[in-house]
Amino acid sequence: MNAIAQINKRLPVAASASVQQDQQQYLTFMLSGDIYAMGILSIKEIIEYGNLTEVPRMPDFIRGVINLRGRWFR
């Protein structure tokens, strides 16, 4: 499943070696005070964006667009 899961509490830390084999790794991030996690196997790449271009008359939830490898993303 390629969904983003919202986390309401910390993930438990495994105590035994057998449990550690079943553990998965997650990228966690925060949006508007809520913590989310994605399995790292579903992540292709993490980029740091540079210049953000503001677009007039866009809704407040869209801060702007970036040019990533010659393509525009919002």
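Number of residues in the range 37-61 that are open to solvent by less than 100 Å² (accessible area, probe 1.4 Å), assigned to a loop (DSSP other than H, G, I, E, B) and under 26 Å from Y26 (Cα atoms): the value is 4. Scanning the range 29-74 for residues that are over 11 Å from the mean Cα position of the chain (by Cα) and among the acidic types (D, E) returns D34, E48, E54, D60.
The values are calculated or read from the model by the stated rules, or taken from the named source; none is laboratory data. Please read these numbers as outputs of a predicted model, since none were measured by experiment. With ligands, DNA and RNA removed, areas are computed over all heavy atoms of the protein, side chains included. Shrake-Rupley method; radii C 1.70, N 1.55, O 1.52, S 1.80 Å.
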